[in-house]
Amino acid sequence: MVSVMKKYVYYFTEGNKSMKEVLGGKGANLAEMTRIRIPVPPGFTITTEACAYYSKSRKWPTELKGQVKKSLERLEKQMGSKLGDKQNPLFISVRSGAAASMPGMMDTILNLGMNDEAVKAVAAKSKNERFAWDSYRRFIQMFGDVVMGVDHKYFEELLEAAKEAKGFKYDTEFSANDLKKIVIAYKELVKKYAGKHFPQEPSEQLSMAINAVFGSWNNDRAITYRKLNNITGLLGTAVNIQAMVFGNMGETSGTGVCFTRDPATGKNEFYGEYLMNAQGEDVVAGIRTPLPIVELKKQMPKQYHELVKMRDMLEKHYKDMQDIEFTIQEGKLYILQTRNGKRTAHAAVRIAVDMVKEKLIDEKTALLRVPAQQLDQLLHKTLDNEGKKKVKLLAKGLPASPGAVVGKIVFHAEHAVEMAEKGEKVILVRTETSPEDIKGMNAAQGILTARGGMTSHAAVVARGMGKCCVSGVSDIKVKEDEKQLVIKELVLKEGDFITLDGGTGEVFHGKIPLVDPVLGGEFGVLMKWADKHRKLNVRTNADTPHDSKVARGFGAEGIGLCRTEHMFFEGDRIQAVREMILADNLEGRKKALAKLLPMQRSDFIGIFTEMKGLPVTIRLLDPPLHEFLPKEEEDIAELAKTMGVSKEKIKSKIEDLHEFNPMLGHRGCRLGIIFPEISEMQARAIFEAAADVKKKGITVKPEVMVPLVGIVKELELQKELIEKVAAEVMKEKKVKIDYMIGTMIEVPRAAITADEIAKVAEFFSFGTNDLTQMGLGLSRDDAGKFLPKYVDMGIYEKDPFQALDQQGVGELMKIAVAKGRKANKKLKLGICGEHGGEPSSVEFCHKIGLDYVSCSPYRVPIARLAAAQAVVRGK
């Protein structure tokens with residue numbers, strides 16, 4: 001049997017745009033452009049499989065050396081010049097390019113093949129000595145940095161000193177003789193810092209450069225970029241070896257980067273920058289100010305019109321906005337790269353909608369063109385990019401809730417309220433937040449916490465409020481008592497200004513201007529298409545009429561989770577709750593609950609009225625009672641005084657309610673079973689509110705949800721109580737109310753025994769925050785100490801509290817869906833954990849056949865788009 005040699009090298013004429021996994025995005029597009037006769041300098045691509053092999057073994061596959069040699073010989077023949085030739089040398093670029101676009105994250109080497117002999121040959125051949133020595137200088141700098149590990153700053157320092165000595169502003173002012181001296185100094189620099197001479201043999205330069213590009217796949221910035229952008233499952237980077245074209249041969253040469261549309265606004269206009277007498281890195285380095293692309297029309301009209309023709313041709317071919325790199329060498333235009341351009345959320349929406357109007361793409365393709373997560377940018381204030389550059393970045397945490405805010409530091413919730421009432425903009429800074437901080441969180445512009453993850457109290461509440469929040473900033477120390485925020489050596493005090501970017505998790509010193517979101521008509525068009533194609537309904541998690549109104553404005557089709565406990569922290573209610581907890585007997589508890597009843601009823605009336613006939617799922621009391629009691633000594637003293645009891649009694653009660661693991665303790669339906677009067681009061685508030693609203697001619701659809709059910713008997717007991725109260729209220733009010741009773745599936749046992757529970761429940765709502773905690777055995781408030789490392793190590797692909805663990809928790813959900821639907825064909829299924837607004841989790845919910853997802857108000861559009869994308873991808 002004849003063994004087939006593995007192919008690791010493809011000439012540009014052998015590939016096409018569908019080969020991204022093997023050739024990387026850049027290689028596949030260079031091959032495609034060659035195929036459609038775009039003027040691309042010839043070359044070849046070493047595959048991502050070769051990089052994967054090198055990453056594992058630190059050596060090349062056996063076949064690679066021969067295949068590179070053969071392709072190089074073909075390139076030399078095509079160009080009529082030879083790498084390392086003393087009379088007619090070939091120069092090449094060596095560039096990275098993975099299957100997913102990772103701009104600037106990996107390495108590039110230009111002008112490879114330059115040495116002491118080649119520089120003289122090119123000077124003689126081009127009759128341009130300055131160009132030859134400038135190219136050599138650039139090559140030593142780039143190769144020395146990327147391949148030999150000599151810090152870029154040493155070259156820059158030397159270059160700046162040379163400019164200063166001559167009184168020059170730009171490196172284009174150097175003469176050939178000046179550049180010769182710089183080349184000598186650069187080579188000495190390499191010897192000093194790399195400990196060896198700069199290599200003169202071009203074949204050695206090429207091998208070293210290929211290894212460096214392979215190695216750059218695993219550099220820190222590339223790893224971080226992949227992590228931030230959820231890029232997983234790729235083999236590595238391809239290596240593109242291409243004949244050099246030179247933009248630094250004088251004023252008839254130049255280089256630039258352009259976009260076929262404006263990447264910031266999406267406007268259909270040519271956008272870009274260029275520099276004459278320059279190479280690619282000059283455009284992005286910012287040392288010389290590039291010119292707007294329209295200026296090229298005046299400077300080189302023929303080449304400009306050719307470039308416009310390429311722009312139109314490439315956008316029509318790829319049917320997407322393109323990011324194009326070009327070089328003009330002595331009047332001849334070459335395209336060096338094209339790729340789908342990175343764009344803002346505003347631009348993504350506008351381009352997608354415009355391209356449908358232009359008949360370039362259809363609606364379904366347009367829906368896939370806007371990453372659902374990116375819609376966050378549209379719904380919250382953002383920081384001014386120029387302003388960001390002028391202030392100091394202090395620290396970085398988790399982007400817990402998007403938006404951008406500027407405010408004065410405040411350390412206590414009460415003070416936040418006081419300052420906000422005076423018109424001050426404040427940011428609540430805490431080690432971690434608790435339900436007691438809710439007023440302060442509401443009053444603050446944003447929240448910053450040292451601890452806590454993406455589903456911590458601060459994160460969940462902030463998202464529900466649409467507040468910016470940065471959580472889990474491990475580099476900060478919050479000294480609440482001393483009113484100090486310590487970041488390394490810097491100490492910030494109450495009243496100092498900071499700026500938060502909830503989209504990136506960044507914390508800045510001082511004030512940065514904010515930019516308001518602008519939701520144009522294109523956003524509405526895209527959402528209309530999403531609603532047309534999606535199967536999943538999208539509800540919201542909302543606890544107030546205001547949240548309900550916001551969510552309806554974003555297209556919510558009901559409330560999937562109304563947390564009744566959040567209402568207990570407002571105004572005088574906390575007092576009544578504490579009276580109930582501290583009561584010694586049933587009579588005392590009922591007396592306190594009677595004070596709460598009208599307050600809860602009023603809340604529900606507001607929510608039912610706002611939702612105008614849409615379903616409202618109300619969860620009965622969920623947290624353990626100790627969360628409603630104070631922790632600080634002065635708060636305990638104040639409560640004792642207000643209630644006319646001793647401090648000791650309150651401390652005794654706090655101690656009595658203390659649990660070693662409160663998340664698995666006396667909470668949820670367990671409270672309602674031991675203290676049925678609590679569930680009874682809440683059920684009465686719900687049905688009295690429903691009756692009052694219905695009498696006003698508004699349809700009401702209450703769905704009462706019993707939390708933390710693990711065994712069917714728990715649900716049976718609570719259902720019996722709820723039905724009894726419902727019957728009493730309907731009889732009293734002489735009104736018929738259609739309602740449902742269901743449960744949250746958040747205890748693994750409930751998922752496993754879903755067939756039994758479905759015989760009693762009319763709906764299931766997956767509480768995936770707790771199901772993840774219990775299913776994975778992770779505390780969401782403590783796991784932040786090690787979970788990021790687990791993700792880095794690949795133990796979990798993503799933080800399971802941010803994106804649903806489909807293999808583990810997802811399997812529990814599948815079991816519950818299958819068993820539940822088999823036992824009860826009419827069973828309605830939804831999800832109300834924070835995963836309900838995360839795109840990959842929404843797609844999973846679609847696949848397993850849920851009826852709806854529910855998420856915080858500001859994530860409703862994201863869920864709507866993600867649900868539509870799930871349908872389109874499925875087809």
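The values are calculated or read from the model by the stated rules, or taken from the named source; none is laboratory data. Remember, it's a predicted structure, so these values are computed and weren't measured experimentally. Here Cβ is always computed from backbone atoms with ideal geometry, including for glycine, and neighbour counts include all displayed protein chains. Just the protein is used for accessible areas: all its heavy atoms, side chains included, with ligands, DNA and RNA removed. Shrake-Rupley method; radii C 1.70, N 1.55, O 1.52, S 1.80 Å.
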Report summary line: Rounded to the nearest 0.05, FRET efficiency between Tyr193 and Ala161 (Cβ-Cβ, R0 22 Å) equals 0.85
Report summary line: A correct Karplus calculation of ³J(HN,Hα) over the range 481-494, with 6.51 cos²θ - 1.76 cosθ + 1.60, θ = phi - 60°, whole Hz and x for Gly and Pro, returns 5, 8, 6, 9, 10, 9, 10, 6, 8, 7, 10, 9, 10, 4
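Only bridges whose two residues both fall in the range 310-438 count here: according to DSSP, what percent of them are antiparallel, nearest 5?
Working: 8 of 11 bridges.
Within the range 310-438, antiparallel bridges account for around 75 percent of the total.
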Report summary line: The correct ranking of Ser434, Ser679 by accessible area at 1.4 Å, largest first, is Ser434, Ser679
Query raised in the report: Mind checking Rg over Rh on the range 25-86, alpha carbons, Kirkwood formula for Rh?
Result: 1.04
Report summary line: Placing each pseudo-label 7 Å from Cα in the direction of the beta carbon, Leu360 and Val515 end up separated by a distance in nanometres of 2.1 nm
Query raised in the report: Taking θ as phi - 60°, what are the ³J(HN,Hα) couplings along the range 11-17 by the Karplus curve (6.51, -1.76, 1.60), each to the nearest whole Hz, with x for Gly and Pro?
Result: 6, 4, 6, 9, x, 7, 5
Report summary line: Rh_Kirkwood(the range 568-657) over Cα pairs, Å, one decimal, evaluates to 14.6 Å
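Once the Cα gyration tensor of the range 221-272 is found, what semi-axes does its equivalent ellipsoid get, as square roots of 5 times the eigenvalues, in whole Å, sorted largest first? Walk me through the numbers before you get to the answer.
Working: eigenvalues 173, 102, 18 Å².
Semi-axes (√(5λ), whole Å): 29, 23, 10.
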Report task. Please list, or write none, the aspartates and glutamates whose alpha carbon is within less than 20 Å of the alpha carbon of Lys651, excluding same-chain residues fewer than 8 places away. Result -> Glu436, Glu579, Asp584, Glu627, Glu632, Glu633, Glu634, Asp635, Glu638, Glu659
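Wrap a convex hull around the Cα atoms of the range 719-839, take a quarter of its surface area, and give that in square nanometres. The partial results should precede the final answer.
Working: hull surface 36.7 nm².
Directional mean of the projected Cα hull area for the range 719-839 stands at 9.2 nm².
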Report task. Any chance you could look up the accessible area of Tyr304 with a 1.4 Å probe, heavy atoms only, rounded to 10 Å²? Result -> 20 Å²
Report task. Would you please calculate the Kirkwood hydrodynamic radius of the range 502-612 over all C-alpha pairs and express it in Å, rounded to one decimal? Result -> 17.7 Å
Report task. At q = 0.20, 0.23, 0.24, 0.29 Å⁻¹, work out log10 I(q)/I(0) for the range 153-198 with the Debye formula, treating every Cα as an identical point scatterer and leaving solvent out; two decimals please. Result -> -0.64, -0.79, -0.84, -1.06
Query - Radius of gyration and maximum dimension Dmax of the range 163-271, Cα, Å - result: 19.9, 52
Report task. Starting from the amide H of Gly84, placed 1.01 Å from N in the peptide plane, find each other amide H under 5 Å away whose residue is 5 or more places distant or on another chain. Result -> Leu90
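Please report the relative contact order for the range 93-232, taking Cα pairs under 8 Å with a sequence separation of at least 6, and give it as a percent rounded to a whole number.
Values: 147 pairs, mean separation 46.3, N = 140.
Computed value for the range 93-232: 33 percent relative contact order.
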Query raised in the report: What FRET efficiency, computed as 1/(1 + (r/R0)^6) with R0 = 30 Å and r the Cβ-Cβ distance, is obtained for Asp792 and Ser652, rounded to the nearest 0.05?
Result: 0.05
Report summary line: If N is the residue count of the chain, its Cα Rg over 2.2 N^0.38 Å rounds to 1.12
Query raised in the report: Where does each of 349-357, 480-488 land if you order them by average Cβ count within 10 Å, highest first?
Result: 349-357, 480-488
Query raised in the report: Quick one: ranking Asp134, Asp384, Asp107 by accessible area, 1.4 Å probe, largest first, what do you get?
Result: Asp384, Asp107, Asp134
Requested in this report: Using only the Cα atoms of the range 309-432, construct the convex hull and provide its projected area averaged over every direction, in square nanometres to one decimal.
Outcome: 12.7 nm²
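Which pairs break 31 Å Cα to Cα here: Lys342/Lys493; Lys357/Lys828; Lys467/Lys493; Lys695/Lys826; Lys56/Lys789; Lys590/Lys649?
Values: Lys342/Lys493 39 Å; Lys357/Lys828 38 Å; Lys467/Lys493 22 Å; Lys695/Lys826 29 Å; Lys56/Lys789 22 Å; Lys590/Lys649 20 Å.
Distance filter (> 31 Å) returns Lys342/Lys493; Lys357/Lys828.
Would you list Tyr11, Tyr739, Tyr53 from the most to the least accessible area, probe 1.4 Å? Mind dumping the intermediate values first?
Details: Tyr11 10, Tyr739 55, Tyr53 85 Å².
Output order, biggest surface exposure first: Tyr53, Tyr739, Tyr11.
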Requested in this report: Could you pull the accessible area for Glu358 with a 1.4 Å probe, rounded to 10 Å²?
Outcome: 80 Å²
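Quote the Stokes-Einstein diffusion coefficient, in whole µm² s⁻¹, for the range 592-726, based on the Kirkwood radius over alpha carbon pairs, a temperature of 20 °C and a viscosity of 1.002 mPa s.
Details: Rh = 16.6 Å.
It comes out at roughly 129 µm²/s.
Could you tell me what a quarter of the Cα convex hull surface of the range 450-563 works out to, in nm² with one decimal place? Provide the component values of the computation, followed by the final result.
Values: hull surface 38.8 nm².
Over all viewing directions, the range 450-563 projects a mean Cα-hull area of 9.7 nm².
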Query raised in the report: Under 18 Å Cα-Cα from Lys477, which aspartates and glutamates qualify once same-chain neighbours fewer than 8 residues away are excluded?
Result: Glu432, Glu489, Glu494, Asp496, Glu506, Asp781, Asp782
Query raised in the report: When ligands, DNA and RNA are left out and all protein chains stay put, how many square angstrom of accessible area per residue does the chain have with a 1.4 Å probe?
Result: 43 Å²
Query raised in the report: In a shell of Cβ-Cβ distance under 12 Å around Arg589, excluding Arg589 itself, what net charge do Lys and Arg (+1) and Asp and Glu (-1) give?
Result: -1
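Please give the calculated 222 nm ellipticity per residue for the chain, where each DSSP H segment of at least 4 residues contributes -39500 (n - 2.57) and the sum is spread over every residue; nearest 500 deg cm²/dmol? Let's see the in-between values first.
Numbers: 36 runs with 406 residues, N = 875.
Per the formula, -14000 deg cm²/dmol.
Would you please put 76-85, 404-413 in order of how densely packed they are, using the mean number of other Cβ atoms within 10 angstrom per residue and starting with the highest?
Details: 76-85: 15.8, 404-413: 22.3.
Highest to lowest by the protection proxy: 404-413, 76-85.
Please quote Rg/Rh for the range 253-330 to two decimal places, taking the Kirkwood radius as Rh and restricting both calculations to Cα atoms.
My calculation puts Rg/Rh at 0.95.
Before anything else, pin down the relative contact order of the range 812-875: Cα pairs under 8 Å, at least 6 apart, normalised by residue count, whole percent.
Details: 69 pairs, mean separation 20.6, N = 64.
It comes to 32 percent, rounded to a whole number.
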**Report entry** Förster-model FRET efficiency, 25 Å R0, Lys532 and Thr699, C-beta, rounded to 0.05
**Finding:** 0.50
Query raised in the report: Taking the range 1-127 as the region of interest, what is the percent of Cα-Cα pairs per 5 angstrom bin, listed from the shortest bin to the one with the maximum distance?
Result: 2, 10, 16, 20, 20, 15, 10, 5, 1, 0, 0, 0
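If I compute solvent accessible area with a 1.4 Å probe over the protein chains, what percent of it on the range 545-618 is carbon and sulfur? Display every interim value, and only then the final one.
Values: 1440 of 2800 Å².
Solvent-exposed carbon and sulfur of the range 545-618 make up 52 percent of the total.
At a 1.4 Å probe, what is the % contribution of carbon and sulfur to the accessible area of the range 767-875? Write down the numbers at each step before the final one.
Numbers: 2120 of 4270 Å².
So the carbon and sulfur contribution to the accessible surface is 50 percent.
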Query - Whole-percent pair-distance distribution, where bins are 5 Å wide, for the alpha carbons of the range 243-392 - result: 2, 9, 17, 19, 17, 14, 11, 8, 3, 0
Requested in this report: Out of all DSSP beta bridges with both ends in the chain, state the antiparallel percent to the nearest 5.
Outcome: 60 percent
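For Asn16 and Asn661 in the same chain, what is the full-extension length gain: residue separation times 0.36 nm, less their Cα-Cα distance, in nm? Don't jump to the answer; show the numbers that get you there.
On the way: separation 645, 0.36 × 645 = 232.20 nm, distance 5.78 nm.
Gain on extension, Asn16 to Asn661, equals 226.4 nm.
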Query - Radius ratio Rg over Rh of the range 790-862, counting only Cα atoms, Kirkwood formula for Rh - result: 1.01
Query - Lys493 paired with Thr431, simple spin-label distance in nm, labels 7 Å along Cα-to-beta-carbon - result: 2.3 nm
Query raised in the report: Over the Cα atoms of the range 356-486, how large are the radius of gyration and the largest Cα-Cα distance (Dmax), in Å?
Result: 17.5, 62
Query raised in the report: Taking the Cα atoms of the range 64-203, what is the range of coordinates along each of the three principal axes, in descending order and whole Å?
Result: 48, 38, 30
Report summary line: With the label point 7 Å along the Cα-to-beta-carbon line of Leu393 and a cut-off under 11 Å to each amide N, the hits in the range 500-525 are 504-508
Query raised in the report: Any idea what diffusion coefficient the range 689-734 gets from Stokes-Einstein, in µm²/s, Kirkwood Rh on alpha carbon pairs, 20 °C, 1.002 mPa s?
Result: 176 µm²/s
Requested in this report: With unit charges on the beta carbon (Lys/Arg positive, Asp/Glu negative), name the residue among Ala594, Gly15, Ile447 whose Cα is farthest towards the positive pole of the charge dipole of the chain.
Outcome: Gly15
Report summary line: Protection proxy (average C-beta count within 10 Å per residue), highest first, orders 723-731, 333-341, 857-865 as 857-865, 333-341, 723-731
Query raised in the report: How high is the relative contact order of the range 318-372, given as a whole-number percent (alpha carbon pairs under 8 Å, six or more residues apart)?
Result: 27 percent
**Report entry** Whole-percent carbon and sulfur share, accessible surface of the range 44-197, 1.4 Å
**Finding:** 50 percent
